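S.K.: The structure under discussion is supplied below as structure tokens; questions concerning it will follow.
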Amino acid sequence: MSFNIDKTRSDFPILEKKVYDKKLIYLDSAASAQKPMSVINSMKSFQEEEYANVHRGIHYLSNLATDQYELSRKKVRDFINANNEDEIIFTMGATDAINLVAQSLAYNFFNEGDEIILTVMEHHSNIVPWHFLREKCGVKIKWIDCDDNGIIKVEDFLSTITDKTKLISITQMSNVLGSEIPLKEIIKIAHDNNIRVLVDGCQGIAHLDTDVQDLDCDYYVFSGHKLYGPTGVGVLYGKYDLLESMYPWRGGGEMIKEVFKDEVTYSKPPAKFEAGTPNIVQAVGLGAAIDYFIEKKKQGLFNYEEEIAKYFHNEINKLPKVKVYGKENIKSPMISFTVDGSHPHDIATIVDKEGVAIRAGQHCTQPLLDFFNLSSTARASIGMYTNKNDIDIFIKALNKAISFFD
């Protein structure tokens with residue numbers, strides 16, 4: 001079965017929208033992907049026909065809603081090949097998931113002077129929670145640099161690790177450079193030194209085959225909205241024995257076993273980390289998004305995206321005054337660039353008037369932009385619905401912006 005881009009595009013109703021009386025060209029999928037009709041309909045029908053609070057009720061609707069919610073957990077487990085559903089924690093997003101791990105480990109894992117290793121390419125969501133621990137627990141953050149294309153050397157981890165290193169927290173794919181990371185090698189080195197590894201899969205989950213058992217990572221996080229699902233829901237995968245040993249970071253209903261005036265006991269994972277009423281509707285939507293995504297993968301999505309990415313890189317590199325960062329990553333689904341003599345915000349504003357949505361700014365990666373001595377870049381990113389015509393229209397709009405500043 002071959003990937004049908006026209007059929008795929010027809011599944012996304014927002015692509016029919018006009019912006020400034022021009023056809024919408026959406027090239028901001030790295031920030032948040034658009035939603036297919038199957039996801040939209042799944043959430044609508046669930047709210048119309050099956051909604052109730054989960055886990056707490058014994059009535060028909062509560063049982064039905066609980067079944068749908070837990071079915072989504074099973075879909076996540078199968079999708080990333082976790083060992084069992086109890087290793088899947090629903091969160092509000094990847095940011096929430098990383099904060100969960102950080103705050104939980106602050107209780108009984110980290111001590112003053114312990115070390116966490118990050119790369120310069122990390123998103124702020126995978127930096128700031130560890131700064132909280134630096135301030136709260138006295139841990140030390142150590143950094144691994146990359147080259148101009150976002151390539152990191154495994155040897156740099158070997159030379160940075162000490163007997164104080166407790167955790168490596170690392171992106172699966174840079175959201176600026178699109179570079180892939182030699183995760184399996186890094187994880188093996190970490191485990192050989194009794195170090196845990198958290199993988200930020202926000203970008204990788206939508207563009208790479210992900211098998212957490214094959215990676216052997218200790219924790220893996222991703223957000224639903226970058227996988228063509230809704231906002232407000234994300235996933236923390238953790239090896240069960242590690243989750244069981246971790247302290248809960250939020251208290252409330254569902255995560256407890258017993259509550260007395262003078263003590264409290266806690267549930268087993270995953271309930272232990274899902275305090276209060278969860279984002280039920282969004283979890284159901286995530287399950288639908290995974291169903292849709294898996295079907296597109298079977299049809300050859302990744303090969304199609306690689307073809308579009310190469311075309312995109314080839315076309316933008318023809319333009320004058322444009323500097324692409326991570327230029328050698330020709331399979332990257334995102335392209336970050338600057339234009340000589342103009343500010344990225346101005347470039348984004350001009351192409352927006354042509355109906356083209358791109359992003360401009362720091363992309364929540366200030367350490368990486370500092371590494372390049374930049375204050376911001378423009379970024380265009382593809383999704384499964386991007387076609388060559390989208391790229392051609394963007395290139396024409398970008399040419400117009402370049403000419404404007406001549």
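The values are calculated or read from the model by the stated rules, or taken from the named source; none is laboratory data. Here the structure is a predicted model, which is why all the values come from computation and not from measurement. Note that we place each Cβ from the backbone using ideal geometry, even for glycine, and neighbour counts take in every protein chain shown.
S.K.: If you take the residues of the stretch 1-17 that are part of a loop (DSSP other than H, G, I, E, B), surrounded by 10 or more Cβ atoms within 10 Å (Cβ to Cβ) and touching a residue at least 40 places away in the same chain (Cβ under 8 Å), which of them is nearest to the chain's Cα centre (by Cα)?
M.R.: Of everything passing the filter in the stretch 1-17, Phe12 is nearest to the chain's Cα centre (by Cα).
S.K.: So in the stretch 162-185, with the set limited to residues that are among the β-branched types (Val, Ile, Thr) and under 29 Å from Thr377 (Cα atoms), which one is surrounded by the fewest Cβ atoms within 10 Å (Cβ to Cβ)?
M.R.: In this case the residue turns out to be Ile181.
S.K.: Hey, can you tell me all the residues within the stretch 18-44 that are in contact with a helix residue (DSSP H, G or I) (Cβ under 9 Å, 6 or more places away or on another chain) and assigned to a helix (DSSP H, G or I)?
M.R.: Passing the criteria: Met37, Ser38, Val39, Ile40, Asn41, Ser42, Met43.
S.K.: Out of the residues in the stretch 347-406 that are touching an Asp or Glu at 6+ places or on another chain (Cβ under 9 Å) and among the small types (Gly, Ala, Ser), which is surrounded by the most Cβ atoms within 10 Å (Cβ to Cβ)?
M.R.: Among those residues, the one meeting the criterion is Ala380.
S.K.: Assess whether Tyr311 counts as being of a type in the set (Ser, Thr, Tyr), at negative phi and crowded, with 18+ Cβ neighbours inside 10 Å.
M.R.: No.
S.K.: Now a separate question. State whether one or more residues within the stretch 108-118 are at pLDDT below 95 and either within 15 Å of Gln366 (Cα to Cα) or in a strand (DSSP E or B) (or both).
M.R.: No: zero hits.
S.K.: Tell me whether the stretch 55-65 contains one or more residues that are β-branched (Val, Ile, Thr) and assigned to a helix (DSSP H, G or I).
M.R.: No, the stretch 55-65 has no match at all.
S.K.: Sort out which residues of the stretch 259-273 are surrounded by 13 or more Cβ atoms within 10 Å (Cβ to Cβ) and either in contact with a strand residue (DSSP E or B) (Cβ under 6 Å, 6 or more places away or on another chain) or part of a strand (DSSP E or B) (or both), and write them in order of number.
M.R.: Val264, Tyr266, Ser267, Pro270, Lys272, Phe273
S.K.: With the requirement that a residue be under 19 Å from Glu274 (Cβ atoms) and of a type outside the set (Gly, Ala, Ser), what does the stretch 46-63 give you?
M.R.: Matches in the stretch 46-63: Phe46, Tyr51, Asn53, Val54, His55, Arg56, Asn63.
S.K.: Kindly indicate the residue of the stretch 375-391 that is closer than 20 Å to His345 by Cα and without any contact (Cβ under 8 Å) to a residue 40 or more places away in the chain and also nearest to the chain's Cα centre (by Cα) among those meeting that condition.
M.R.: Looking at residues that are closer than 20 Å to His345 by Cα and without any contact (Cβ under 8 Å) to a residue 40 or more places away in the chain, I get Ser376.
S.K.: Being within 20 Å of Met173 (Cα to Cα) and surrounded by fewer than 24 Cβ atoms within 10 Å (Cβ to Cβ) is the filter here; which residues of the stretch 97-115 pass it?
M.R.: Once the filter is applied, which keeps residues that are within 20 Å of Met173 (Cα to Cα) and surrounded by fewer than 24 Cβ atoms within 10 Å (Cβ to Cβ), the stretch 97-115 yields only Asn99.
S.K.: Among the helices (runs of 4 or more DSSP H) contained in the stretch 282-382, which hold 1 or more residues that are in contact with a Pro (Cβ under 8 Å, 6 or more places away or on another chain)?
M.R.: The helices (runs of 4 or more DSSP H) meeting that bar are 301-316.
Condition check ((1) in the same structural domain as Thr162 (by TED's automatic domain parsing); (2) touching a strand residue (DSSP E or B) at 6+ places or on another chain (Cβ under 8 Å); (3) more than 25 Å from Asn279 (Cα to Cα)) across all residues:
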| position | (1), (2), (3) |
| --- | --- |
| Ile187 | yes, yes, yes |
| Ile195 | yes, yes, yes |
| Gln203 | yes, yes, no |
| Gly232 | yes, no, no |
| Gly238 | yes, yes, no |
| Ile256 | yes, yes, no |
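S.K.: Select from the stretch 242-258 the residues that are among the hydrophobic types (A, V, I, L, M, F, W, C) and exposed (fewer than 14 other Cβ atoms within 10 Å of the Cβ) and list them in ascending order.
M.R.: Passing the criteria: none in range.
S.K.: Here's a check for you: in the stretch 210-230, which residue that is more than 21 Å from Lys35 (Cβ to Cβ) and either assigned to a strand (DSSP E or B) or among the basic types (Lys, Arg) (or both) is nearest to the chain's Cα centre (by Cα)?
M.R.: Tyr220
S.K.: Residues to consider are Lys164, Lys153, Lys136, Lys188; find the one that is more than 20 Å from the chain's Cα centre (by Cα) and under 28 Å from Asn373 (Cβ atoms).
M.R.: Lys153 is the lone residue from the list that is more than 20 Å from the chain's Cα centre (by Cα) and under 28 Å from Asn373 (Cβ atoms).
S.K.: I'd like the full set of residues that are among the acidic types (Asp, Glu), outside any strand (DSSP E or B) and under 24 Å from Ser29 (Cα atoms), limited to the stretch 142-187.
M.R.: Hit for the stretch 142-187 is Asp148, nothing else.
S.K.: Within the stretch 191-209, how many residues are within 29 Å of Ala380 (Cβ to Cβ) and in a strand (DSSP E or B)?
M.R.: The total comes to 3.
S.K.: Can you say whether Gly276 is surrounded by fewer than 21 Cβ atoms within 10 Å (Cβ to Cβ), over 17 Å from Phe3 (Cα atoms) and in contact (Cβ under 8 Å) with a residue 12 or more places away in the chain, as far as the supplied structure shows?
M.R.: In short, yes.
S.K.: With respect to the numbered conditions (1) under 28 Å from Asp214 (Cα atoms); (2) of a type in the set (Ser, Thr, Tyr); (3) part of a strand (DSSP E or B), which one is the sole condition not fulfilled by Tyr247?
M.R.: Tyr247 satisfies every listed condition except (3).
S.K.: Of these, Tyr60, Tyr51, which one is more than 17 Å from the chain's Cα centre (by Cα) and touching a residue at least 60 places away in the same chain (Cβ under 8 Å)?
M.R.: After ruling out the rest, the residue left standing is Tyr51.
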